[in-house]
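Participant: If you scroll down you'll find the structure; I have some questions about it.
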Amino acid sequence: MAETLSEYLSKIPEHVRKEIENIGVNVSDIVAYVYSDMTSDGKFADCWMFFDKEILYVMTGYDVVGEKKGPKKLQCVYERKTLERFDISTIKKLETERFIDTARLMVHYNDESKVPEEIAKFSLGVAGKTERFVKHFSDMKDGKPFDVKASEEEELFCPKCGTRYPNPARKVCPKCMNKMSIFSRLLGFFKFYMNKLVVFFVVLILSTGFSVLSPYLGTKLLYDNVLTPGVDDNLYGEVGLVMLVIIAARLVGLGLNIWQGYISGGLIPYVVYDLKMKIFTAMQRLSVGFYTNKQTGQLMERVNSDTRNIYWFFVDGVPFFIINVLTFIGVLIIMLVMNPILAIIVTVMVPILLFLFRFIHKSFRRLHHNRWVNQAVLSSHISDSMGGQRVIKAFAKEREESDRFAKYSMNARNADLKLSNTQATVFPLLGFITIITNLLVLALGGCMIVSGYADMTFGKLMTFTAYMNMLYGPMDFLSGFSNWWARCVDSAQRVFEIIDSHPDVAEADDPVHMEEMQGNIVMENVNFEYEPGRPIIKNLSLSVEAGHMVGIVGKTGAGKSTIVNLMARLYDVVDGSISIDGVNVKDIATKDMRRNIGIVSQEIYLFIGTIADNIRYAKPEATMDEVIAAAKAASAHDFIMKLPDGYETRVGAGGQDLSGGEKQRISIARTIIQNPKILILDEATASMDTETERRIQDSLTNLKAGRTTIAIAHRLSTLRDADVLAVINRGEMVEYGTHDELIRKKGEYYNLYKLQFDAVKHIGTAE
C-alpha cells in the first residue's frame, strides 16, 4: 500500500517511466496518473494518462517484448503511437461518462463555445480508477493537496494464491488464512468455563478407557479364565462373577457417557450464547453502510447457521474426535502388546482403509450435493409454477410446464439413482475388505493356537479380533473429520468477520454531549460518494435555521435522501463538514444525535409486536395516553380503533396486515412520540391519499413550532408551507429560496412545479 507520493509514483512500470522521460516529462513532477486499456477509437491498447501542474498528457501505445544485451536478453518496451497534450489552464473540468460496457473521459473547456471533447476511452473495469484520477485533477484545480490514500487501489485478490477476497475490507483469504489461529481464538470463548472443561476432559478420558477395556473383560477373561476346561470346578459361579464384572464395567461406562453428555450439554450452549451475543452486539454497532452491502438472509446465516455449525462441531465433533483418537491409539497399543505379528497385519491395512474411507466420503459428498442441487431446482420449479398459475393459464402453457417438470424431475431421479446405486455397491465392497482382513487374522491366529506359538489362546484371539473391529469406527470418523473441521473454521471465519468489522461512522473518543439541540444545521462544501470516484453530493452548502422548515426537492436520484442521511450522520461526509448548533456532527455523542433527530423515512418498517409497542419504540416508558396522543397527531387513531384489538393488535411478521398508508402513519406516530428537536420527513406522506395527507400536514404544521423540519417530497404542493426550498440536481444545489421566489425565477423548480401542475390538470380534464 502506497504511503508517500514517491512510492505512489514508483508503481509506474519502468519501461513506461523511460518513455515518459523521453517525451520530456520528469516523473517526479507528475501529480497523478491512471492506466487505461483502450484507444479513443475503441481498440485495445496500453494508454497512460497523467498530468503535472501545467499539462495533461494522454499517451497511447503498446507493451512489446524487445531484445537487449546481457544475461536477460528480453525486455519489455513501451512502443508509443500517439501523444496528446492539453493545457490545464484552458480546462474547466474532466468528466467520465459510463455506457453499457465502456466509458470515456471528457474534457470541458473554460471557453464555453468549445464543445466538450472525448480524450480517452476505456472499459468499465478501469472506470473506478479513472474517476479517482478525475477527482485528483479537480482537487489540483481547486488547490487541494494530493491525497495518496485516495489513489490506492483496493486489493481484491490474495497476493499468495490469487483467490478473490470474500470481503475486500478484511482481506482474509479462505485458502491462506491461518486456520489454527482462528480455532485457537474460538477456544478463547471457553476460558470462562475452565472448571467445567477440565471435568469434561477427565470424564471423557475415563469413559474412553472403560470402552477400550470392555473387550478384554468380555472375551479374554471369559474365554481364557472361565470357559477353559480344567481351570476351575465352580464354572457357573465364575461365569456369573464375570458377567457381574462386565455389567458393572458397562454401567460405569454408561454413567460416564451420560455425565460427559450432561457436562457438554451444559457447557457448549453457554459458549454459543456468548458467541451469538458477540455477533449481534457487533452488528448493532456497525453503520448503515454495512447493511446496504449485505443481504438479510446472509446476516441471519451468520447468527444462526454459522453458530450452529460451531455448536455441533464442539458437541459432536471435538468429543468424538478425542474419543476416537484415544480409542485408536489405545487399541493399537493393546494389539501390539497382545500379538505384534497380528498387529502388523492390521497396521498395514489401516492406511488402505483410511484412504478408502476418505475417498468414499469425498464421493458421497459430491453425490449428495448433486442430489440437493437437482431437488432444489425441482422445488423451485414447483413453487414457480404454483405461484404463476394465472399466467400459465392465460398463455396456455400447461404442456410446456409439464415438460419442464418432467425434465427437472428426471434429473432429480437420476441423481437419486446414482447415489443409491453407489451406496449399494461401495458399502458391501468395503465390508468385504474388512471381512478379508478379519479372516486373515483369524486364520493366522488359529495357526498360532494350534502350533502353540507366542502363547496364543482362543480367548486372546477373540479379544484381538474384537479390538480389530473397534478400529473401523475411529477410522471412518477420522477420515470425515476434516469436513467438520473445515465447516467449523469457515463458519468461525465468517463470524469473526462480523465481530472484527469497524463501523464507518464511529463516535469520537471524547464526544460532545448535547442534551437538547436548538436545531441550527450548517452544511459547508459537502462531498459524498458511496463508491470511490462516483460522487453523489458535490460541494454542497446549505444552512437551516432553528425552528424553520426546509423543503428539499429534485428529481429521483438527485441525492435528496442522501443529504438528510448525512445530516442525521447515518453516513459521514467525504469532504466538507456538517454542524448542528455550531458543533461538528462527528464530535456529537451518538445517543444525543439519535435522541434529538427523528426520521420518518419512505422505507417503512414495523417490528413484530403490538401497535402500541411500535409507537413507543423510541420512548419505551411512554404512557398509553402519550401513545394515543401521538397516534392522533399522525391521523392513525381512527383506523387503529377499528382493528380487532385496537392498540394491542399485533403487527409485523404474522400479524395484522396493514396498508402502506397505515404503516406510514404508525411510523410518523413513532417519531412524534420521540419529540425530536430536528424532524426529517423523507417522503413521509408518499403512501397516503390526498385527504389523509392533508390531515397529517395540518398536524405537522402544529408540530413545527420550536422544531427544525427538513422535508423531502415529490409532490411539491406538500412543501408550499416550507420557509425555504432547496432544489437539488445531480448532487448539487442549483436553487434556493421560498416557493414564490423560485416560481418567479422560472428555473429548475418552476419547471418541476409546472410539470406536476400540468399533469394534475390533465388528469382532472381526463376525468
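The values are calculated or read from the model by the stated rules, or taken from the named source; none is laboratory data. The model shown is predicted, which means the values in this text are computed figures rather than measured ones. Neighbour counts run over all protein chains shown; Cβ positions are idealised from the backbone, glycine included. Heavy atoms of the whole protein, side chains included, go into the accessibility calculation; ligands, DNA and RNA do not. Shrake-Rupley method; radii C 1.70, N 1.55, O 1.52, S 1.80 Å.
Participant: Select from the stretch 444-483 the residues that are open to solvent by less than 30 Å² (accessible area, probe 1.4 Å), assigned to a helix (DSSP H, G or I) and within 14 Å of residue 350 (Cβ to Cβ) and list them in ascending order.
Facilitator: Listed by number, the residues that qualify are 467, 468, 474, 475, 479.
Participant: A follow-up question, please. So residue 102 ticks every box in (1) modelled with pLDDT of 90 or more; (2) in contact with a Lys or Arg (Cβ under 7 Å, 6 or more places away or on another chain); (3) polar (S, T, N, Q) but one. Which box is left unticked?
Facilitator: Answer for residue 102: the failing condition is (1).
Participant: Determine the pairs where a residue that is in contact (Cβ under 8 Å) with a residue 40 or more places away in the chain and of a type in the set (D, E, K, R), located within the stretch 400-422, has a partner that is surrounded by 14 or more Cβ atoms within 10 Å (Cβ to Cβ) and part of a helix (DSSP H, G or I) with Cβ atoms under 7 Å apart, the partner being 6 or more residues away or on another chain.
Facilitator: 416/371; 418/367
Participant: Keeping to the stretch 411-437, report how many residues are under 19 Å from residue 375 (Cα atoms) and small (Gly, Ala, Ser).
Facilitator: 3
Participant: Could I ask something else about it? Hey, among 535, 474, 511, which residue is within 28 Å of residue 279 (Cα to Cα) and not charged (D, E, K, R)?
Facilitator: 511
Participant: A follow-up question, please. Answer with yes or no whether residue 431 is touching a Phe, Trp or Tyr at 6+ places or on another chain (Cβ under 6 Å) and either open to solvent by less than 60 Å² (accessible area, probe 1.4 Å) or of a type in the set (Val, Ile, Thr) (or both).
Facilitator: no
Participant: Give the residue, chosen from 342, 336, 353, that is assigned to a helix (DSSP H, G or I) and either farther than 19 Å from residue 442 by Cβ or open to solvent by 40 Å² or more (accessible area, probe 1.4 Å) (or both).
Facilitator: The match here is 336.
Participant: When only residues in the stretch 702-720 that are modelled with pLDDT of 75 or more and in a loop (DSSP other than H, G, I, E, B) count, which is farthest from residue 600 (Cα to Cα)?
Facilitator: 707
Participant: Still on this structure: Being assigned to a helix (DSSP H, G or I), of a type in the set (Val, Ile, Thr), in contact (Cβ under 8 Å) with a residue 24 or more places away in the chain and open to solvent by 60 Å² or more (accessible area, probe 1.4 Å) narrows it down to one residue among 348, 331, 377, 441; which is it?
Facilitator: 377
Participant: Now for a different question. Please work out which residue is most open to solvent (accessible area, probe 1.4 Å), limiting yourself to the stretch 547-597 and to residues that are more than 19 Å from residue 505 (Cβ to Cβ) and within 30 Å of the chain's Cα centre (by Cα). Explain how you work it out, then say what you get.
Facilitator: Within the stretch 547-597, the subset more than 19 Å from residue 505 (Cβ to Cβ) is 547-558, 560, 581-582.
Okay, now just the ones that are also within 30 Å of the chain's Cα centre (by Cα), so 556-558, 560.
Numbers: 556: 121, 557: 74, 558: 6, 560: 15 Å².
So the residue we want is 556.
Participant: While we're here: Restricting to the stretch 718-737, what's the tally of residues that are open to solvent by 20 Å² or more (accessible area, probe 1.4 Å), at positive phi and in contact with a strand residue (DSSP E or B) (Cβ under 7 Å, 6 or more places away or on another chain)?
Facilitator: The total comes to 0.
Participant: If a residue has to be part of a loop (DSSP other than H, G, I, E, B) and among the charged types (D, E, K, R) to count, how many in the stretch 103-122 make the cut?
Facilitator: The qualifying residues number 3.
Participant: Counting only residues that are under 18 Å from residue 338 (Cα atoms), among the aliphatic types (A, V, I, L, M) and modelled with pLDDT of 75 or more, how many does the stretch 192-250 have?
Facilitator: Looking only at that region, the number is 1.
Participant: Something else about it: Hey, among the residues in the stretch 672-688 that are closer than 13 Å to residue 634 by Cβ, open to solvent by less than 20 Å² (accessible area, probe 1.4 Å) and of a type outside the set (Ser, Thr, Tyr), which one's modelled with the lowest pLDDT?
Facilitator: Here the answer is 688.
Participant: Of the numbered conditions (1) farther than 22 Å from residue 598 by Cα; (2) among the aliphatic types (A, V, I, L, M); (3) under 35 Å from the mean Cα position of the chain (by Cα), residue 521 satisfies every one except a single condition; which is it?
Facilitator: Only one criterion in (1) farther than 22 Å from residue 598 by Cα; (2) among the aliphatic types (A, V, I, L, M); (3) under 35 Å from the mean Cα position of the chain (by Cα) is unmet by residue 521, namely (1).
Participant: How about the stretch 185-212: which of its residues are in contact (Cβ under 8 Å) with a residue 60 or more places away in the chain and open to solvent by 80 Å² or more (accessible area, probe 1.4 Å)?
Facilitator: Scanning the stretch 185-212 gives 185, 192, 196, 205.
Participant: Condition check: open to solvent by 80 Å² or more (accessible area, probe 1.4 Å) and in contact (Cβ under 8 Å) with a residue 40 or more places away in the chain. Does residue 371 satisfy that? Steps first, please.
Facilitator: Details: open to solvent by 80 Å² or more (accessible area, probe 1.4 Å): yes; in contact (Cβ under 8 Å) with a residue 40 or more places away in the chain: yes.
Yes.
Participant: Can I ask one more? For residues that are assigned to a loop (DSSP other than H, G, I, E, B) and small (Gly, Ala, Ser), scanning just the stretch 515-546, find the one that is surrounded by the most Cβ atoms within 10 Å (Cβ to Cβ).
Facilitator: Selected residue: 519.
Participant: Which of (1) part of a helix (DSSP H, G or I); (2) open to solvent by 20 Å² or more (accessible area, probe 1.4 Å); (3) farther than 21 Å from residue 41 by Cβ does residue 125 not meet, given it meets every other one?
Facilitator: (3)
Participant: Something else now. Just a yes or no: is a residue in the stretch 51-61 over 19 Å from residue 137 (Cα atoms) and modelled with pLDDT under 90?
Facilitator: no
Participant: OK, next. What number of residues within the stretch 598-618 satisfy the criterion of being touching a helix residue (DSSP H, G or I) at 6+ places or on another chain (Cβ under 7 Å), open to solvent by 10 Å² or more (accessible area, probe 1.4 Å), modelled with pLDDT of 85 or more and not β-branched (Val, Ile, Thr)?
Facilitator: Number of matching residues: 2.
Participant: Looking at the stretch 399-437, which of its residues are under 13 Å from residue 382 (Cα atoms) and among the charged types (D, E, K, R)?
Facilitator: Across the stretch 399-437, the qualifying residues are 401, 403, 404, 407.
Participant: For the stretch 6-61, name all the residues that are in a loop (DSSP other than H, G, I, E, B) and of a type outside the set (Val, Ile, Thr). Talk me through it step by step, then tell me what you get.
Facilitator: Residues of the stretch 6-61 in a loop (DSSP other than H, G, I, E, B): 10-13, 23-26, 30-31, 39-43, 52-54.
10, 11, 13, 24, 26, 40, 41, 42, 43, 52, 53, 54 - these are the residues of the stretch 6-61 that are in a loop (DSSP other than H, G, I, E, B) and of a type outside the set (Val, Ile, Thr).
Participant: Six or more apart or on different chains, Cβ atoms under 9 Å: show the pairs whose first residue is in the stretch 121-133 and within 18 Å of residue 9 (Cα to Cα) and whose second is part of a helix (DSSP H, G or I).
Facilitator: Matching pairs, first to second residue: 129/151; 132/150; 132/151; 133/151.
Participant: Just name the residue that is modelled with the highest pLDDT out of those in the stretch 623-656 that are assigned to a loop (DSSP other than H, G, I, E, B) and buried (at least 21 other Cβ atoms within 10 Å of the Cβ).
Facilitator: In this case the residue turns out to be 636.
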